[in-house]
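One structure is given below, encoded as structure tokens.
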Amino acid sequence: MNNAAFASCRRQPPLLLALLLLLPLTATQATPLEDAFRDFSRCDASFFTAKNVAALNPDGHLPTGGANGHLWLKAGNGQPEGGGKLDLPRPMSVADVPLLAYGTDNSDLGSAGLYYIWGFTAQGALADVVDKLRPLVADNTRLHADDGGFVRTEVKIGTSDWLKIDTQGGTAAGTHHVERALIFEQSSDHPGETLISCTLQGAVTPDLLAQDRPDLESYKYPRASDPALYDNTPIPAEILRQVSELQQQHPEWKPSFRSLRYQFRLEKSAANKKPQDVDDSPITVEERVHNNLVESVEIYSANFKLRSSQLGDFVPLKYILDDAQPGKSVHLTTKLALYWPAKLVPGAKLIVVSTSEDTPTTTGIKEPSETECAVQGTRAAKSIHPSLAGKATLLDCRDSDTTHRQLAFIHDLGIILALSEDSTEYGHSVYHYQDMVIEK
């Protein structure tokens with residue numbers, strides 16, 4: 001600075017000089033909401049603080065929780081899995097991006113990993129939201145386009161620190177490492193909205209959740225596997241009583257074989273095929289009879305099986321997914337009503353009304369279901385597969401989820417085999433049976 005300029009500054013009134021010196025600092029000060037978003041973008045415990053809750057909940061109307069020096073918005077569902085959403089006060093904008101809601105979610109996808117998610121719903125198109133918020137994102141040079149969104153990822157292997165590794169989008173984290181990600185993606189339900197989420201996914205541990213997600217109750221932590229859970233979870237006595245009563249009145253519904261093994265292949269119509277569909281990959285089914293129930297194992301791959309107990313391969317009473325991490329929860333029918341005709345003659349109807357739920361509970365959701373079938377007539381069972389004897393009664397069935405199925409009751413075995421099905425999601429599919437082995 002030359003002498004003249006220095007003298008000029010000295011001649012400024014002291015208050016004016018002080019204001020001039022403060023102007024650049026004031027212009028760059030972050031708002032509490034910007035600070036809260038910056039902390040959120042780290043995807044760790046630094047987000048769960050009193051100052052950030054105050055910024056997001058200025059009127060104090062949203063539910064909050066706190067422990068061990070942390071404070072948070074309570075958006076959970078009170079169950080081991082699932083989550084909830086809180087609508088944020090209006091207006092609430094960060095860098096000219098309106099924030100509409102805050103939510104949390106979690107799920108156990110077995111061999112695909114554990115998923116813990118928390119974040120915001122923002123108003124605006126994906127690209128616009130990313131452009132405006134990128135300056136507030138921690139380590140924003142690593143935020144990059146991937147799989148239709150924008151992500152920043154880190155990986156933890158064993159007891160390592162977080163490693164700055166760009167993982168491949170659309171690939172499950174699995175159970176051998178943990179990924180931590182910040183994700184911007186367009187909402188599939190509301191095209192004018194963008195989802196901004198933090199996730200912990202993969203081999204997530206209780207210690208990691210305690211460190212990065214202090215807002216979670218212990219019932220949200222990973223559940224240990226119990227390989228004996230399925231065998232040790234009884235079907236309710238009232239359900240068994242109804243099944244036994246029906247089989248006494250209609251003895252043809254008592255399975256009349258010792259074991260059954262076959263493969264089936266689902267052939268989708270050309271109009272509903274997707275590139276990833278493989279029609280020539282057969283699914284193996286192994287069945288045996290225990291206490292007049294069909295105990296079935298459907299083998300989709302070495303690490304993915306479905307084990308179930310059913311009335312006549314028709315009414316599921318309990319099942320469990322065995323996907324390399326079995327024994328966390330059994331899906332159990334807890335209410336059942338069976339309406340059967342005296343004889344399976346054309347026009348007669350069979351109706352099954354049930355309620356099922358996970359035990360031990362996961363989401364707390366009770367799932368109602370209703371299936372109504374009308375008898376269509378009969379055909380030779382050997383037309384379905386040469387190993388089948390006797391006749392097959394054809395059933396036209398509609399489920400409460402709008403699925404339309406064509407089934408066949410095989411009188412010689414006392415079970416149902418599916419012939420075809422139509423659904424809104426999957427379109428039309430036809431079942432083809434092969435390699436059937438029956439032990440009577």
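The values are calculated or read from the model by the stated rules, or taken from the named source; none is laboratory data. Keep in mind that what you see is a predicted model, and the values were worked out from it rather than measured. Ideal geometry is used to build each Cβ from the backbone, glycine not excepted, and the neighbour counts take in all protein chains shown.
Considering L266, L216, which residue is at pLDDT 95 or above, within 28 Å of G170 (Cα to Cα), touching a strand residue (DSSP E or B) at 6+ places or on another chain (Cβ under 9 Å) and buried (at least 18 other Cβ atoms within 10 Å of the Cβ)?
L216
So which residues in segment 155-202 are more than 20 Å from the chain's Cα centre (by Cα) and of a type in the set (V, I, T)?
Within segment 155-202, V155, I157, T159, I165, T167 qualify.
Give the residues of segment 288-305 that are modelled with pLDDT of 95 or more and closer than 22 Å to D399 by Cβ, sorted by residue number.
Of everything in segment 288-305, those that are modelled with pLDDT of 95 or more and closer than 22 Å to D399 by Cβ turn out to be L293, V294, S296, E298.
Among residues belonging to segment 32-62 that are part of a loop (DSSP other than H, G, I, E, B) and touching a strand residue (DSSP E or B) at 6+ places or on another chain (Cβ under 7 Å), point out the one that is farthest from F150 (Cα to Cα).
Here is the first cut: in segment 32-62, the residues part of a loop (DSSP other than H, G, I, E, B) are 41-44, 48-49, 57-62.
Subsequent filtering for residues that are touching a strand residue (DSSP E or B) at 6+ places or on another chain (Cβ under 7 Å) retains 41, 43, 48-49, 57, 62.
Values: S41: 13, C43: 15, F48: 24, T49: 26, N57: 27, L62: 29 Å.
Looking at the filtered set, the residue picked out is L62.
Quick one: is R134 over 20 Å from H190 (Cα atoms), of a type in the set (K, R) and in the same structural domain as I165 (by TED's automatic domain parsing)?
yes
Has segment 38-51 got at least one residue that is at pLDDT 95 or above, charged (D, E, K, R) and either farther than 30 Å from W162 by Cβ or outside the structural domain of T175 (by TED's automatic domain parsing) (or both)?
no
What number goes with the only condition from (1) in a strand (DSSP E or B); (2) touching a residue at least 40 places away in the same chain (Cβ under 8 Å); (3) surrounded by fewer than 18 Cβ atoms within 10 Å (Cβ to Cβ); (4) not charged (D, E, K, R) that I117 does not pass?
Just one mismatch for I117, condition (3).
Exactly one condition in (1) touching a Phe, Trp or Tyr at 6+ places or on another chain (Cβ under 9 Å); (2) loosely packed, with under 15 Cβ neighbours inside 10 Å is false for A392; which is it?
(2)
Quickly run through segment 411-425 and pick out the residues that are over 17 Å from D313 (Cβ atoms) and surrounded by 15 or more Cβ atoms within 10 Å (Cβ to Cβ). Break it down into steps so the answer makes sense when it comes.
Restricting attention to segment 411-425, the residues satisfying the condition of being over 17 Å from D313 (Cβ atoms) are 422-425.
Of everything in segment 411-425, those that are over 17 Å from D313 (Cβ atoms) and surrounded by 15 or more Cβ atoms within 10 Å (Cβ to Cβ) turn out to be D422, S423.
Any idea which residue in segment 395-440 is modelled with the highest pLDDT, counting only those that are more than 19 Å from P255 (Cα to Cα) and not in a strand (DSSP E or B)?
Here the answer is T403.
Give just the number: which of (1) closer than 30 Å to Y221 by Cα; (2) surrounded by fewer than 15 Cβ atoms within 10 Å (Cβ to Cβ); (3) not aliphatic (A, V, I, L, M) does P386 not satisfy?
Of the numbered conditions (1) closer than 30 Å to Y221 by Cα; (2) surrounded by fewer than 15 Cβ atoms within 10 Å (Cβ to Cβ); (3) not aliphatic (A, V, I, L, M), the odd one out for P386 is (1).
Quick one: count up the residues across segment 225-241 that are free of Cβ contacts under 8 Å to residues at least 60 places away in the same chain and either of a type in the set (G, A, S) or closer than 30 Å to G119 by Cα (or both).
1
Filter segment 370-383 down to residues that are of a type outside the set (A, V, I, L, M, F, W, C), closer than 30 Å to S356 by Cα and surrounded by 15 or more Cβ atoms within 10 Å (Cβ to Cβ) and give me whichever is farthest from the chain's Cα centre (by Cα).
Q376
Can you pull out every residue in segment 120-147 that is in contact with a Gly (Cβ under 8 Å, 6 or more places away or on another chain) and in a loop (DSSP other than H, G, I, E, B)?
Once the filter is applied, which keeps residues that are in contact with a Gly (Cβ under 8 Å, 6 or more places away or on another chain) and in a loop (DSSP other than H, G, I, E, B), segment 120-147 yields G124, A125, D147.
Give me the residue from segment 177-219 that is assigned to a helix (DSSP H, G or I) and acidic (D, E) and, out of that set, nearest to Y116 (Cα to Cα). Give the derivation first.
Taking segment 177-219 first, the residues assigned to a helix (DSSP H, G or I) are 206-212, 218-219.
Checking the rest, the ones that are also acidic (D, E) come to 207, 212.
Details: D207: 14, D212: 11 Å.
Ranking the qualifying residues of segment 177-219, first place goes to D212.
Taking the stated definitions as given, is E238 more than 28 Å from the chain's Cα centre (by Cα), assigned to a helix (DSSP H, G or I) and at pLDDT 95 or above? Walk me through it before giving the result.
On the way: more than 28 Å from the chain's Cα centre (by Cα): yes; assigned to a helix (DSSP H, G or I): yes; at pLDDT 95 or above: yes.
For E238, the condition - more than 28 Å from the chain's Cα centre (by Cα), assigned to a helix (DSSP H, G or I) and at pLDDT 95 or above - is met.
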